[in-house]
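Structure first, commentary second.
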Amino acid sequence: MKLSKQQNGNVAIAVYGASGHTGKFVLSELARRGLKVVAVGRSAAKLVQTGIQAAEIREASIEDANSLDRAFSGVAAVINCAGPFLDTADPVAAAALRAGAHYLDVTAEQGSALSTYETFDNDARQAGLVFIPAMGFYGGFADLLVSALLGDWVAVDDIRIGIALDSWHPTIGSRNTGKRNTARRLVVANGQLSPIPMPAAVQEWKFLQPFGPQQVIEQPFSEISVVNRHLRSIEVHTYLNETGHRDVHDPNTPPPVPADETGLSAQRFMVEVVVRKGNEARHISAFGRDIYAFTAPLVCEAVQQLLAGKARVHGAQAPGAVFDALEFLDALAPDHLSFETLGV
């Protein structure tokens with residue numbers, strides 16, 4: 001089992017897609033936490049040229065299984081930051097399994113997360129490993145908020161997730177993923193994964209300040225797949241505010257730019273979850289900065305907890321099933337996140 005390696009200062013974490021926008025944030029966060037980093041990409045020369053700081057730099061391609069095996073040799077966990085994950089997740093996860101390493105990715109793609117669950121659950125469980133797809137802002141973050149909110153509720157009637165962005169400057173990776181991810185998105189309706197009704201629902205969401213009331217459009221991401229993996233709800237729906245929806249769908253919106261020496265953009269986000277059971281409702285609201293940069297502490301905290309032996313289950317799992325969700329969120333506050341709950 002790989003769950004006690006945190007005691008070994010030489011433990012290595014491989015980051016596939018290390019030269020990408022999110023990958024660089026993940027490398028920096030792992031280093032900040034004192035973990036040994038192996039940076040992996042299609043071109044070792046490109047990794048060197050971009051100034052990547054890592055204990056080792058290795059070259060690998062999803063088209064070459066042997067190169068992935070060499071890249072992941074001796075590592076305890078693999079973080080996949082290279083989208084589109086519909087293309088990269090299966091080969092990278094398969095190589096992680098062969099290496100005896102935990103696997104995590106940051107996909108917002110519903111189909112990719114579902115494929116990881118279906119393909120790798122049994123083998124990962126048998127190997128004593130944990131595979132967590134969608135351990136990023138879209139996907140795992142909402143699942144942790146929902147899981148923390150449910151508390152003693154085993155099953156609920158309705159889960160609504162609202163996302164407010166003051167802007168969304170998509171990366172090149174996000175653009176490429178959008179072109180690749182053309183499948184009709186899913187929601188949970190009447191207790192089943194179902195295609196989102198079209199046209200997408202539009203309504204008002206009364207976010208807390210500083211956002212306040214916003215027009216939102218139903219826009220499900222990978223959190224639908226993740227929440228449905230381990231929680232029982234008759235309905236699960238996600239809504240994105242009009243600002244974020246407009247920016248990401250506008251081909252002229254530029255990519256993010258650093259706002260200070262940390263490399264973070266100025267973007268602010270708020271994610272709110274409302275859960276209802278009968279006549280009772282519970283609410284949680286979380287606020288932070290830069291959805292791409294925020295993904296780094298999310299996925300790195302997950303790796304650190306895995307290596308510290310805090311996983312409650314093995315196999316291909318949702319983060320809310322693997323970790324104590326409230327403890328996990330507390331670990332991110334106040335440096336990366338602020339949140340408050342009502343009605344719990």
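How many percent of the accessible area of region 120-200 is carbon or sulfur, using a 1.4 Å probe?
Details: 1670 of 3260 Å².
With neighbouring chains kept in place, the figure for region 120-200 is 51 percent.
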Seminar exercise, completed: Given Cβ charges of +1 for Lys and Arg and -1 for Asp and Glu, the option among T238, N228, L264 whose Cα lies farthest towards the positive end of the dipole of region 196-266 is N228
Exercise. If you rank K206, K46 by how much accessible surface each has, with a 1.4 Å probe, what is the order from largest down?
Worked result: K206, K46
For this session: Could you check the simple spin-label distance between V313 and D330, using points 7 Å along Cα→Cβ, in nm with one decimal?
Result: 2.3 nm
Seminar exercise, completed: So the pair-distance distribution of region 229-332, from every Cα-Cα distance in 10 Å bins, comes to percents of 10, 33, 35, 20, 2
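Might you report the magnitude of the Cβ-based charge dipole of the chain about its Cα centre, with Lys and Arg at +1 and Asp and Glu at -1, to the nearest 20 debye? Intermediate results must be reported in sequence, preceding the final value.
Numbers: 29 positive and 36 negative charges, 117 e Å.
Here the chain has a charge dipole of around 560 debye.
Rounded to the nearest 500, what is the chain's calculated 222 nm mean residue ellipticity when only DSSP H runs of at least 4 contribute -39500 (n - 2.57) each, over all residues? Numbers along the way, then the final one.
Working: 12 runs with 120 residues, N = 344.
My calculation for the chain gives -10000 deg cm²/dmol from helical runs alone.
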Seminar exercise, completed: One finds the C-alpha centres of region 249-308 and region 188-204 to be spaced, in Å, by 23 Å
For this session: Report, to the nearest whole %, how much of the accessible area of region 221-335 belongs to carbon and sulfur atoms, 1.4 Å probe, protein only.
Result: 49 percent
Exercise. Ignoring ligands, DNA and RNA, what accessible area per residue does the chain give at 1.4 Å, in Å²?
Worked result: 41 Å²
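Express in % the proportion of alpha carbon pairs of the chain at distances exceeding 33 Å. List each step's numbers first, then the result.
Details: 12554 of 58996 pairs.
Of all Cα-Cα distances in the chain, 21 percent exceed 33 Å.
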Exercise. In whole Å, how far is the Cα centre of region 124-168 from that of region 210-239?
Worked result: 10 Å
Exercise. Quick one: ranking H230, H283 by accessible area, 1.4 Å probe, largest first, what do you get?
Worked result: H230, H283
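Say a site is exposed when it is one of the GluC sites (Glu not before Pro), sits in a DSSP loop, and has at most 16 other Cβ atoms within 10 Å; what is then the longest site-free stretch of the chain?
My reading of the result: 64-260 is the longest stretch.
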For this session: Would you work out which of G100, Q215, T50 lies farthest towards the positive end of the dipole of the chain? Charges go on Cβ: Lys and Arg +1, Asp and Glu -1.
Result: G100
Exercise. When the accessible area of region 33-115 is computed with all protein chains present and a 1.4 Å probe, what percentage of it is carbon and sulfur?
Worked result: 48 percent
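The values are calculated or read from the model by the stated rules, or taken from the named source; none is laboratory data. Note that the structure is a prediction, hence the values are computed from the model and not measured. Neighbour counts run over all protein chains shown; Cβ positions are idealised from the backbone, glycine included. All accessible areas refer to the heavy atoms of the entire protein, side chains included, with ligands and DNA or RNA removed. Shrake-Rupley method; radii C 1.70, N 1.55, O 1.52, S 1.80 Å.
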